[in-house]
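Asks: Quick one: the structure is below, and I'll ask about it shortly.
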Amino acid sequence: MQKMFRGAGVALITPFDNEANVDYEALVSHVDYVIEGGVDYLLALGTTSEVPTLSFDEQVAVVDAVIKENSRQVPLLVGVGGNSTSEVIKNIKFYESREIDAFLVVTPYYNKPSQKGLYEHYAAVAKSTHKPLILYNIPARASVNMLPQTTLRLAQDFPNIVGIKEASGIMSQIMKIIKNRIDDFLVISGDDIITLPLMSAGADGVISVVANAFPGELSMMVDYIENGDYQTASEIHYKLFDIIQACFAEGNPVGVKAIMSQMNLIESVVRLPLVEASLDLKENIKQLLKQI
C-alpha cells in the first residue's frame, strides 16, 4: 500500500450529458486521459464525483466502467462512506469481490459523532473486511474533525487501515500525524493548494481535483517533490495556483468541470443542488487557461 497509493491520485469527476445523465463514454475517455497524463492511481466515487447525486445503480455502473477501462493499469481506490456504520459495511461487502485495491471511507457526516464514536465506526468497518482502508477526514463537509490521536490510534490498532486523506486544511494537525505515525502509514493531502508544503513536510502525495484537467502538470509536480527538486515543483505549483483556486470558487466539482468544458474534454453539467459556474467564473477561467 505504501507504494500503491503514493504520489499523484485523481478524484475522478462523473461526466454528465446535457440532460444530466451519466455520460459513460466520456467517463471512459476521461479515465484514459488521466492515466495517459501520468497519474499514479484513481479514486472513483469521491467527493468530486458528485456521489451524493448518483443513484446506487449509477454508482455501481460508474465503478464497473472505471474498472473495465483501467484494466489494472494503475491502482484503484473507491469511496464508500456514509453516516450509518452498518450501511458502510454493507456497501463495502457489495464491492469487495471487484478489482478494487482499497476503499476510501469518509468520516460520518451530519451525525457529528464524538472521537470515541469515530473510532468505533472505523473499528467496525475495519473488522468487517480484509480490504485496505484509507480514512478520509474532511470537516468542512462532515461537520466533525477527526483528531490526530484518533487517526493514530486507528492506524496502530488495525493493520488494514493503511492511510488517511487529510482535508482538514489544518497544517499543524496533519504534521502531527506525519510526525507520530507508524511505519508505512500513508498521509495524503486532500487539498491541491497545500500539496507542495504538505509533501515537503513528509506527506505521501495528493488525491487531486485539478488533476482531472491537468494530470500531466500535477503528476510532474509530485514527482519533482519526491525527487527533492522543490524549485521546479514550486514553479509548477504557482503555474497551477490560480486555476486551483478557480476549481473551488463556486464549489467542487463546479469549477473543474467548467475548466474541462473550456478544454473540450467534457460538458460542464452538474446535478442539482449544484449549478454550473457563473459567467464571471467562466470568464476568469478563460483568461487563466490562456496564461497556462
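Asks: Diagonalise the Cα gyration tensor of the chain and give the resulting equivalent ellipsoid semi-axes, square root of 5 times each eigenvalue, largest first, whole Å.
Replies: On the way: eigenvalues 153, 104, 63 Å².
The answer is 28, 23, 18 Å, longest axis first.
Asks: Net charge near Glu99, counting Lys/Arg +1 and Asp/Glu -1 over other residues with Cβ under 13 Å of its Cβ?
Replies: Details: positive: Lys68, Arg72, Arg98, Lys131; negative: Asp64, Glu69, Glu96, Asp101.
Spelling it out: positives minus negatives among the neighbours equals 0.
Asks: Can you give the percent of C-alpha pairs in region 18-83 whose distance is more than 19 Å?
Replies: Values: 621 of 2145 pairs.
So the pairs more than 19 Å apart make up 29 percent of the total in region 18-83.
Asks: Determine the alpha carbon to alpha carbon distance for each of Lys93/Lys116; Lys127/Lys257; Lys68/Lys93; Lys90/Lys179 and list only those over 28 Å.
Replies: Numbers: Lys93/Lys116 24 Å; Lys127/Lys257 37 Å; Lys68/Lys93 20 Å; Lys90/Lys179 34 Å.
Table pairs above 28 Å Cα-Cα are Lys127/Lys257; Lys90/Lys179.
Asks: While we're here: Let me make sure I get this right: for region 164-221, a, b and c are the square roots of the gyration tensor eigenvalues over alpha carbons, sorted descending. Under 1.5 in a/c it's rounded, otherwise prolate if a/b > b/c, else oblate. Which is it?
Replies: Details: a/c = 2.26, a/b = 1.86, b/c = 1.22.
Prolate shape, in that a/c is at least 1.5 and a/b is the bigger ratio.
Asks: Going by C-beta contacts inside 10 Å, put Met4, Met221 in order with the fewest on the left.
Replies: Working: Met4 18, Met221 28.
Fewest-to-most Cβ neighbours within 10 Å comes out as Met4, Met221.
Asks: Okay, which of region 1-27 sit inside 14 Å, backbone N to the point 7 Å along the Cα-Cβ direction of Glu276?
Replies: 16-21
Asks: Now for a different question. If you take the Cα atoms of region 220-292, find Rg, then find the Kirkwood Rh from the mean of 1/r over all pairs, what is Rg/Rh? Don't skip to the answer; put the middle values down first.
Replies: Numbers: Rg = 14.1 Å, Rh = 13.2 Å.
Result: Rg/Rh = 1.07.
Asks: Then there's this: Return P(r) of region 89-175 (all Cα-Cα pairs; 10 Å bins starting at 0; whole %; ordered from short to long distances).
Replies: Going from the shortest bin to the longest, the percentages are 17, 53, 27, 3.
Asks: Report the Cα centroid-to-centroid distance between region 131-170 and region 8-71 in angstrom, as an integer.
Replies: Using only Cα atoms, the two centres lie 24 Å from each other.
Asks: Below 8 Å between Cα atoms, with a sequence gap of 6+, how large is the relative contact order for the chain in percent?
Replies: Details: 530 pairs, mean separation 56.3, N = 292.
For the chain, the relative contact order is 19 percent.
Asks: Related question: Provide the packing ranking of 181-192, 123-134, i.e. peptides ordered by the mean count of other C-beta atoms within 10 Å per residue, highest first. Don't skip to the end; give the middle numbers.
Replies: Values: 181-192: 19.7, 123-134: 17.3.
In descending order of packing, they fall as 181-192, 123-134.
Values in this text are rule-based calculations from the coordinates and carry no lab data. Just so we're clear, the structure is a prediction, and the values are computed from it rather than from any experiment. Quick reminder, even Gly has a Cβ in these numbers, built from the backbone with ideal geometry, and neighbours come from all protein chains shown.
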